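Everything below concerns the one structure shown next.
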């Protein structure tokens, strides 16, 4: 599974139709296998994470991310209402990407998977080593608890703090659509 990430802007005071958002954000490209549409809490912007099966062409000019990891939380199967998007390693340093993936798998995954209300976390990595994490939950307090646990946990032996500079950007928002293909859910 792979993903492309697209921004959108909506006029103030106008309700957003998730299907229209996907069509507009992808600018007439082929319909993805699934999409997560997140309306940011601050401002009039949002993000579409379009999900594509391997082997399917993605929209021209879009950075393509491959699914690198995922966590099924204790609320898997419930409808996610909120999401946090986290961008890591905007400089594309392979050592930073490897350190982030190790920290995610060995330190963060076991730490957060039992947070009440956590539905799913998808971790995507691009060929140029940029990472996007999509955390989905039933409530905002769940995402706050996940952030708190991550910040409170000590690094593992051998983890280099210089290779873990933290997120480049984070967006929190309401999920308008979370259509995750079965290929990802299994």
From DSSP H assignment alone, runs of 4+ in the chain each adding -39500 (n - 2.57), the sum over residues rounded to the nearest 500 puts [θ] at 222 nm at -5500 deg cm²/dmol
Let me see the pair-distance distribution of the range 1-145: every alpha carbon pair, 10 Å bin width, integer percents in order. 11, 38, 38, 12, 0
So what's the angle, to the nearest 10 degrees on a 0 to 90 scale, between helix 140-152 and the longest Cα principal axis of the chain? 30
At what distance in angstrom do the alpha carbon centres of the range 120-186 and the range 93-115 lie from each other? 9
GNM of the chain, Cα pairs under 10 angstrom: of 30, 138, 86, the biggest fluctuation goes to 30
Burial ranking of peptide ranges 46-53, 65-72 (average Cβ count within 10 Å, highest at the top): 46-53, 65-72
Determine, for each peptide in 101-108, 33-40, the mean count of other beta carbons within 10 angstrom over its residues, then list the peptides with the highest first. 33-40, 101-108
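Bear in mind these aren't lab numbers, they're just calculated from the coordinates by the rules spelled out. Note that the structure is predicted; figures quoted are calculated from it, not measured. With ideal geometry, Cβ positions are generated from the backbone for all residues, glycine too; neighbour counts draw on all protein chains shown.
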